[in-house]
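Asker: Just dropping this structure here.
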Amino acid sequence: MRVTSIQLGRNDASKQGRIAHALDLLDRAPASDLFLLPELWHCGYFSFDRYWADSEPLNGPTVSALREKAAQLGSHVHMGSIVERDGEDLFNTSVLLDPQGGILARYRKIHLFSYESEESKVLKRGAEIVVVETPWGKVGLSTCYDLRFPELYRKMVDQGAMFFLVPAAWPLARVDAWRLFNRARAHENLAYLLSCNCAGSSEGKPFAGHSMFVDPLGNAIAEAGEDECILSGEVAPDLVHAARSGFSALDDRVLR
């Protein structure tokens, strides 16, 4: 199974320009079973004053463009997250598309960041844990700051998750924590964690990059640098079953 993260770093363009740039990179990427994009790439995470203007419902231009691209590629596309508008409410919503361009799953970010951030003031938090069936096994969705809350990942494992998909806009100032949490959430749950972080900067605040593919044993099998790039690698879904049958830590849990 080939997975590719599009670590976007173009943050100086309009929403339409960013969509066009993302589509171009998807076309230039190697053929893959699954593509991933980062968090709030269509407006810039720290551009809180743009959230309302750049928000859209799930039938809006960003989702529609990526649905068409997923169908063209014949691949699953985790299109990162957008500011979803639902009536008067805004959500940080990630969307997983199937190879026909259909919406396979939607996840509204549960843990909203409040430290030096307006996210928790501008957006409404989600309430639903999302795990969905795919050809490679069950996939659990989470976003960025969620990585600091391991209980979410255990609940996804309890629902059968074998893979975690994580779009992010994680800042460079905490890159060590980012790399730690990517590996920890994978290894403690004996699951794959596939992440796509932003590169570049938003409102003068640099992102960490370092998108990662981490296997169930906590090994980073592919990792990007800080700049915009296309990160691609092979993962073996059967390794999840092998890891869980060979090392029964999940069976030995006491507190649930």
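Asker: If you take every DSSP beta bridge whose two residues both sit in the chain, what share of them, in percent to the nearest 5, is antiparallel?
Answerer: Among the beta bridges of the chain, antiparallel pairing accounts for roughly 65 percent.
Asker: Classify segment 28-158 as rounded, prolate or oblate, taking a ≥ b ≥ c as the square roots of the eigenvalues of its Cα gyration tensor: rounded when a/c is under 1.5, otherwise prolate if a/b is larger than b/c and oblate if not.
Answerer: Since a/c reaches 1.5 but b/c is at least a/b, the shape of segment 28-158 is classed as oblate.
Asker: Which whole-number percentage describes the relative contact order of segment 168-253, with Cα contacts under 8 Å and a sequence gap of 6 or more?
Answerer: 26 percent.
Asker: Rounded to the nearest 10 degrees, what's the angle between the helix 61-73 long axis and the longest principal axis of the chain, both from Cα atoms, 0 to 90?
Answerer: With rounding to tens, the tilt is 50 degrees.
Asker: Separate question: Which chymotrypsin sites (Phe, Trp or Tyr not before Pro) in segment 67-145 pass both tests, a DSSP loop state and at most 12 other beta-carbon atoms within 10 Å?
Answerer: In loop regions of segment 67-145 (DSSP not H, G, I, E or B), the sparsely surrounded chymotrypsin sites (Phe, Trp or Tyr not before Pro) are Y115.
Asker: Are there any trypsin sites (Lys or Arg not before Pro) in segment 95-168 that are in a DSSP loop and have at most 14 other Cβ atoms within 10 Å? List them by number.
Answerer: For trypsin sites (Lys or Arg not before Pro) across segment 95-168 that sit outside H, G, I, E and B with at most 14 neighbouring Cβ atoms in 10 Å, the list reads R125.
Asker: Relative contact order for the chain using alpha-carbon pairs under 8 Å, separation at least 6, rounded to a whole percent?
Answerer: Over the chain, the number comes to 20 percent.
Asker: In segment 38-117, which GluC sites (Glu not before Pro) are in a loop and have at most 15 other Cβ atoms within 10 Å, using DSSP for the loop call?
Answerer: E88, E116
Asker: Search the structure for amide H atoms under 5 Å from the amide H of L97, placed 1.01 Å from N in the peptide plane, and list their residues when 5 or more places away or on another chain.
Answerer: V77, H78, M79, L104
Asker: Moving on to the next point. Which one of A224, A208, A13 has the biggest mean-square fluctuation once the chain is modelled by GNM with Cα springs under 10 Å?
Answerer: Top of the fluctuation ranking is A13.
Asker: Just need the relative contact order of segment 1-71 here, percent rounded to a whole number, with Cα pairs under 8 Å and 6+ apart.
Answerer: 37
Asker: What is the helix-to-structure angle for 175-189, meaning the angle in degrees between its Cα long axis and the longest Cα principal axis of the chain, kept from 0 to 90 and rounded to the nearest 10?
Answerer: For helix 175-189, the angle is close to 40 degrees.
Asker: If you count the DSSP beta bridges with both ends in segment 150-209, what percent of them are antiparallel, to the nearest 5?
Answerer: Roughly 35 percent of the beta bridges in segment 150-209 run antiparallel, per DSSP.
Asker: Moving on. Give, rounded to the nearest 20 debye, the magnitude of the charge dipole that the chain has about its Cα centre when Lys and Arg contribute +1 at Cβ and Asp and Glu contribute -1 at Cβ.
Answerer: Value, rounded to 20: 320 debye.
Every number in this text was worked out from the coordinates using simple rules, so none of it is lab data. Remember, it's a predicted structure, so these values are computed and weren't measured experimentally. Neighbour counts run over all protein chains shown; Cβ positions are idealised from the backbone, glycine included.
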